[in-house]
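Below is one structure, written out as structure tokens; comments come after it.
The values are calculated or read from the model by the stated rules, or taken from the named source; none is laboratory data. Please read these numbers as outputs of a predicted model, since none were measured by experiment. A quick note on method: Cβ atoms are made from the backbone with ideal geometry, for glycine too, and the neighbour counts reach across all protein chains shown.
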Amino acid sequence: MSKQYVILFIVFMFLLVPDAAGSAMDSPYLLNISINSTEDLSFANHNESPIEGNWIKLNGGTPVTLPALNLIFNSVNSSNYTLNGKAINITTSVDNYSDYLIEYPYSSHSIYTNVSDSDEVNLSFFGSSHFADLSIDIYLVNSTIDEVWDIFNDVIDGNTTLIRNLLNDSEERLNYSLNGTGDNSSISFGSQQAGDYVIFILLNSSHTNANEYSILSSTAVQILKYESVVTAPASAKTNNIVPVQIELTGANQNYTYGAILIHKDAYEATLRFEFNGTGKQTNLTIDGADLIEMGELTGINLSSLNTTKLQEIIETVIGPENGTVAFTDNTDSISASFSLTTNDLNTGDYYLLVGAYESGERLVAFDQSIINIYTPSDSSNGGGGGGGGGGTSGEAFENIICTETDRQFVGKDLNVKYNFILECNCVQHIEFTGLTSAGKVAAKVEMLNHTSTTVDKDAPNIVFKNLNVWIGNMGYFSKNNVKDPTITFIVDRSWVSDNDIILNTISFYYHNDYTNTWEKMPTQKIGEDSTSYQFKASLPIRGSLGPMAISGKNLVYVPTSVPTSTPMITPSENILEIISNATNITTWTEIWKTKVPGFQALTAIIALITLYIIRNRRD
């Protein structure tokens, strides 16, 4: 792979990975830095819970699928030293020099574009109940890699001037209150100009001592300068060419364009952060390749790229058979075309990342889609193992509204629960009991615009949502590997009322490929709130699942023919007729299994700052 080709991937990788950290301890704070006992910086603990882990979730914009990200934190438990006449005490709530691991809980991260209705930065904060009913200050700041790294080094050297200046010079500062569970889901910065930002959430000073900063969370915000239109096929053969085109809207400068294919199984990374209490001994690696070594950024600053280092990183992370890259020279054209080769690539689903890079402005346009690479033969991969990326759907890309994947550990006799959180996804959970030890197994949900393009019949009745569900590799979802599988989903109240849907006719269907029919699964309403109804349905145990649908019957007024008149059937009579003719809804007598062995959160909030600095790109 040419050295210059690695640049675009690194840009995209750092864009898509938001700040993340966590710890195995129960303490509300992971890290505390005390300077002369008069200044304190505290960093809140994080864990793998998407609703209790002190995470920021961006809303609106365009959701971009993130790499599956694991974080390992290895740190000193405490460090005391004197530097430049200042007594510095650093403490962490982790065991001394032990590995702690966390899986970042979100599968997507929103990016914004500098156009109307796409530039409004909205977010939710899902905090620990320890911070319930407290006030918070939320800062939106411009920053550079060097600036934030200098802040980190200065703080552990006893100097808080830079972090105070950064917050004081923020673009905006908002004050909000957290609710009784430590959350707030209605935070808004409104419309913002194109650029790279970072959000910091701190406890309001009314809850802290003088000269004390209590940082609860942070995340990166990307507002792209231009919209773009990307054209690419939904699938391509191995040993062939994938034509890709990108065109910018409203652009008139010089740009460098790039396109990258990354196999879904390679779209993941393990970040290891080692910290001994001083910046000089801080190391960060991604799958073994150095990002920070002895406190210094290695080839990450995009104003002076070390392409040799970047090539080392990308080849280590992706591997030669799991990706391909095309890159243009700088051009004054607002469009570009690529011919991505699939020679020697593994088959399967690939993420296609396409973007435009402007010197001084960094990434100014970006698009993500999925392309399936296949071998045109009758050969079969077979296999009944777990793992994998959740299966290959073959769905036409233009029919996919959004895709969400969750990975969970599957062990023998363990109850497994997958959680889905995207607003575009009506599926909340998938659960089953594992019968074999399969390790990490992925569950993928594709929400569709219409009936799946892989079937030729619509689901019966009035359809609320069409979707595809895939679990594990082909053949994994069998009676030898799983039992008692269920799916939990929500149905909008507005859809029910607008279509006069009879509530107890709402059912979950799956498409039987062998009989080419839609089969109804046992479905039961289990809850409701002011906006939706919650249902749980059984899932078929068949290979790797596939096309599904949620539908219901509506209230229809049917005239009754008589010789002398045509009186209308009353609504109550018609309802009884429909219900009596409807298939009975099966209910369960078993207790729903709701607990799942968690993936223990075992890394550190200090990685939050470090992850931000390696992929926040503004000079």
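Scanning segment 408-432 for residues that are surrounded by fewer than 20 Cβ atoms within 10 Å (Cβ to Cβ), more than 18 Å from residue 104 (Cβ to Cβ) and at pLDDT below 95 yields a total of 7. Here residue 144 clears all of (1) modelled with pLDDT under 90; (2) in contact with a strand residue (DSSP E or B) (Cβ under 8 Å, 6 or more places away or on another chain); (3) not hydrophobic (A, V, I, L, M, F, W, C) except the condition numbered (2). Of all the criteria given as (1) farther than 29 Å from residue 36 by Cα; (2) without any contact (Cβ under 8 Å) to a residue 60 or more places away in the chain, the one not satisfied by residue 72 is (2).
Can you confirm whether residue 61 is buried (at least 19 other Cβ atoms within 10 Å of the Cβ), of a type outside the set (Asp, Glu) and at pLDDT 85 or above?
Numbers: buried (at least 19 other Cβ atoms within 10 Å of the Cβ): yes; of a type outside the set (Asp, Glu): yes; at pLDDT 85 or above: yes.
Yes: the conditions hold for residue 61.
Annotation note: Cβ proximity below 6 Å between a residue of segment 468-479 that is over 7 Å from residue 544 (Cβ atoms) and a residue that is β-branched (Val, Ile, Thr) (sequence gap 6+ or interchain) occurs for 469/445; 479/541. Restricting attention to segment 342-358, the residues that are under 28 Å from the mean Cα position of the chain (by Cα) and either polar (S, T, N, Q) or at pLDDT below 85 (or both) add up to 5.
Here's the yes/no breakdown for (1) at pLDDT 80 or above; (2) surrounded by fewer than 18 Cβ atoms within 10 Å (Cβ to Cβ); (3) of a type outside the set (Val, Ile, Thr):
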site: 68; (1), (2), (3): no, no, yes
site: 90; (1), (2), (3): yes, no, no
site: 101; (1), (2), (3): no, no, yes
site: 105; (1), (2), (3): yes, no, yes
site: 111; (1), (2), (3): yes, no, no
site: 124; (1), (2), (3): yes, yes, yes
site: 131; (1), (2), (3): yes, no, yes
site: 135; (1), (2), (3): yes, yes, yes
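For the condition surrounded by fewer than 15 Cβ atoms within 10 Å (Cβ to Cβ) and closer than 19 Å to residue 447 by Cβ, residue 492 qualifies.
Set side by side, the residues 216, 178, 174 differ, and just one is among the aliphatic types (A, V, I, L, M) and either in the same structural domain as residue 453 (by TED's automatic domain parsing) or in contact with a Phe, Trp or Tyr (Cβ under 6 Å, 6 or more places away or on another chain) (or both), which is 178. Hydrophobic (A, V, I, L, M, F, W, C), farther than 30 Å from residue 405 by Cβ and either in the same structural domain as residue 31 (by TED's automatic domain parsing) or not in a loop (DSSP other than H, G, I, E, B) (or both): does that describe residue 166? So residue 166 passes the test.
Quick test for you: out of 476, 533, pick the one residue that is touching a Gly at 6+ places or on another chain (Cβ under 8 Å) and at pLDDT 95 or above. Step through it out loud before you land on a result.
Working: 476 fails: at pLDDT 95 or above.
None of the other options fit; the residue is 533.
Can you tell me which residue within segment 319-340, out of those that are of a type in the set (S, T, N, Q) and out of contact with any strand residue (DSSP E or B) (no Cβ under 6 Å at 6 or more places or on another chain), is farthest from residue 249 (Cα to Cα)? By that ranking, first place goes to 331. Restricting 216, 261, 203, 271 to residues that are of a type in the set (A, V, I, L, M) and farther than 30 Å from residue 97 by Cβ narrows the list to 261.
Report whether or not residue 82 is crowded, with 16+ Cβ neighbours inside 10 Å and more than 28 Å from residue 409 (Cα to Cα). Against the criterion (crowded, with 16+ Cβ neighbours inside 10 Å and more than 28 Å from residue 409 (Cα to Cα)), residue 82 does not qualify. Cβ-Cβ distances below 8 Å connect the following pairs, each with a first residue in segment 192-210 that is in the same structural domain as residue 140 (by TED's automatic domain parsing) and within 10 Å of residue 221 (Cα to Cα), a second residue that is hydroxyl-bearing (Ser, Thr, Tyr) and outside any strand (DSSP E or B), and a separation of six or more residues or different chains: 196/143; 197/143; 198/143; 198/612.
I'd like to check something: does segment 451-461 contain any residue that is among the hydroxyl-bearing types (Ser, Thr, Tyr) and under 14 Å from residue 550 (Cα atoms)? Looking through segment 451-461, at least one residue is among the hydroxyl-bearing types (Ser, Thr, Tyr) and under 14 Å from residue 550 (Cα atoms).
Here the condition is being more than 21 Å from the chain's Cα centre (by Cα), within 30 Å of residue 555 (Cβ to Cβ) and modelled with pLDDT under 95; of 461, 481, it holds for 461 alone.
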